[in-house]
Amino acid sequence: MVEKKLSRGDIWFDIMTEGYTVRTGQCASVRVADGELDGKAARVIAVVPDSDNQYPRAARGEVGLLEGWTLGKVVAEAVEQDRDKAEKRAIIAVIDVPSQAYGRREEAFGIHLALSAAAGAYATARLAGHPVIGLIVGKAMSGAFLAHGYQANRLIAFNDKEVLIHAMGKASAARITKRTVDSLEELASTIPPMAYDISNYATLGLLENLLDIADPSSPTQAEINLVVETVKQAVVTARNHGTSLDNRLGSPNRAGTVLVRRMMREQWAA
């Protein structure tokens with residue numbers, strides 16, 4: 001029997017939830033566990049591959065119909081359970097998602113609604129006072145990242161060549177821009193928002209931390225301790241900072257965004 005190779009999402013979900021209580025009953029591609037982080041309640045969520053997924057397009061860790069609705073459910077569940085609590089639990093999204101699930105059935109059955117439900121639930125949790133932390137351990141691509149993790153108060157990523165963040169895969173982007181993949185990569189080297197590598201993404205100011213992990217699929221105990229402590233600090237920072245995402249606008253590469261937002265506010269108030 002061939003041993004199943006765990007995804008990075010699986011590996012880091014297991015690491016972050018040691019001693020936690022695993023939630024059951026949802027689809028196998030969404031893993032959820034509740035426990036304590038730094039002595040306070042936390043829920044950890046990951047989307048992982050499921051070769052037996054009812055929707056083949058979502059079998060390799062993509063976020064599809066089942067995943068979108070399930071993410072929305074388990075996040076909204078935490079919000080409802082903590083509604084009357086003075087201190088809301090932290091929600092940690094372990095992110096390793098290669099894409100949203102593309103397919104005729106997905107489009108026909110409303111994948112846009114499923115992923116919107118997930119993104120909306122994360123945003124609702126953040127605005128309700130839950131510290132939402134995104135831990136990017138692998139790919140964070142397309143609508144999958146928007147649905148699972150992008151609404152986080154704080155984003156933490158591994159400084160690793162297999163950590164990729166973008167709205168579209170290279171081959172698809174090359175077709176749409178009518179370029180070769182090589183010419184697309186050459187152009188991306190001069191325009192950070194078009195680049196795929198995490199170092200260029202970091203220049204956009206969207207990351208709270210960029211961590212050096214030698215082998216994310218087999219981390220040392222010291223590296224695990226570093227990640228856990230960084231997540232703990234991100235939770236504290238999120239609680240102290242409030243619910244907005246204005247911490248993402250400090251980079252020089254976001255100057256245009258800041259200007260447009262200021263002009264829109266001025267025109268709205270005029």
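The values are calculated or read from the model by the stated rules, or taken from the named source; none is laboratory data. Small disclaimer: the values here were computed from a predicted structure and weren't measured. When we count neighbours, we look across all protein chains shown, and the Cβ atoms used for this are built from the backbone with ideal geometry, even at glycine. Note: areas computed on protein heavy atoms with side chains; ligands, DNA, RNA excluded. Shrake-Rupley method; radii C 1.70, N 1.55, O 1.52, S 1.80 Å.
Some values worked out for this structure:
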quantity	calculated
FRET E, pair residue 228, residue 251, Förster distance 30 Å, beta-carbon r, rounded to 0.05	0.70
Descending semi-axes in whole angstrom, ellipsoid equivalent of segment 1-148, from the Cα gyration tensor	24, 19, 12
Qualifying aspartates and glutamates (Cα of each under 13 Å from Cα of residue 232; at least 8 residues distant if same chain)	36, 38, 208
Estimated inter-spin distance, residue 41 and residue 266, nm [label 7 Å along Cα→Cβ]	4.6 nm
Segment 70-91-segment 237-252 distance, computed between alpha-carbon centres (Å)	21 Å
Candidates 138, 256, 35, ranked by Gaussian network fluctuation over the chain, Cα under 10 Å, top entry	256
Additional length obtainable on full extension of the chain from residue 217 to residue 109, 0.36 nm per residue less Cα span	35.4 nm
Percentage relative contact order, the chain, counting C-alpha pairs under 8 Å, at least six apart	15 percent
Directionally averaged shadow of segment 177-270, computed from the convex hull of its alpha-carbon atoms, nm²	9.5 nm²
Solvent-accessible area, 1.4 Å probe, carbon plus sulfur percent, for the chain	54 percent
Close Lys-Lys pairs in segment 14-164, where close means Cα under 30 Å and separation is 8 or more or interchain	9
